[in-house]
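*Asks:* Sharing a structure below in C-alpha cells format, with a few things to ask.
Just so you know, all these numbers are worked out from the coordinates, no wet-lab data involved. Here the structure is a predicted model, which means the values were calculated and not measured. Glycine gets a Cβ as well: all are built from the backbone with ideal geometry, and neighbour counts include every protein chain shown.
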Amino acid sequence: MASSLINDGQCVMTIRALGTVVPDSLEAYMRDRISRLSRLGWSFTHVAVEIEHERNPRMADSANRVQVTCRNPHLVVRAEFADVTAAAAFDACLERLHTRLRKLADKDRARRRGRYGRGPWSRCEARGSRLFGEQLQQSRTG
C-alpha cells in the first residue's frame, strides 16, 4: 500500500494505491485535474483518491478501480470507476464526479430561488435551457 499526502493550502489530497505504484506523472495529472473541480463553485477541504489493482487475469477489463471522494464540512461526494489502466479509470471517475457536482449545483440553484412565483418553474428553467424557456413562454402567452 502506497500513500501520499499533498497539501496545497486549503485542500488536502490523499492518494492511496493498493497493489500498484502510482507514477509521479499520474500523480501530477491527478492533482491538476482535481484542482479544476473548483470551477463549479464547490470548495473541498479533503480529496481522497484510491487506486486498487485487481490481480486476477480474468478481470483484465476492469483491472484498475479508482475511487475519488471529495469532502467539505457540508458535503461528501464519491465516484468510482474501473478500467484497464489507472489513468483511463481516473478520467472516467472524474467525469462521473463532475456530473454529480453539476447536478448538485443545479439542485442548489433551484432551491435558492425561493417560492411564491419568484423561483424557476423547473430545473430546466433554472439551468437556463433556451429551448425549454421558449416553449414555456409560448404556453404562458397562448
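*Asks:* Can you run the Rg to Rh ratio on the stretch 2-114? Use alpha carbon positions and the Kirkwood inverse-distance Rh. Present the calculation step by step, with values, prior to reporting the outcome.
*Replies:* Numbers: Rg = 15.0 Å, Rh = 14.7 Å.
Radius of gyration relative to Kirkwood radius: 1.02.
*Asks:* Distance in nm between label sites at VAL12 and ALA28, each 7 Å beyond Cα in the beta-carbon direction?
*Replies:* Going from the VAL12 label point to the ALA28 one covers 2.6 nm.
*Asks:* If you don't mind, another one. Nearest 5 is fine: what % of DSSP beta bridges in the stretch 2-114 come out antiparallel, could you say? Don't skip to the answer; put the middle values down first.
*Replies:* Values: 23 of 30 bridges.
Percentage antiparallel, nearest 5: 75.
*Asks:* By counting other Cβ atoms within 10 Å of each Cβ, how are SER25, SER43 ranked from fewest to most? Don't skip to the answer; put the middle values down first.
*Replies:* Values: SER25 9, SER43 12.
The fewest-first ordering by Cβ neighbours comes to SER25, SER43.
*Asks:* At 7 Å along the Cα-to-beta-carbon direction for both LEU40 and ARG58, put a label point, then send me their distance in nm to one decimal.
*Replies:* Simple spin-label model gives 3.6 nm for this pair.
*Asks:* Assign unit charges at the C-beta atoms only (+1 for Lys and Arg, -1 for Asp and Glu), then state the dipole size of the stretch 2-114 relative to its Cα centre in Debye, rounded to the nearest 20.
*Replies:* 820
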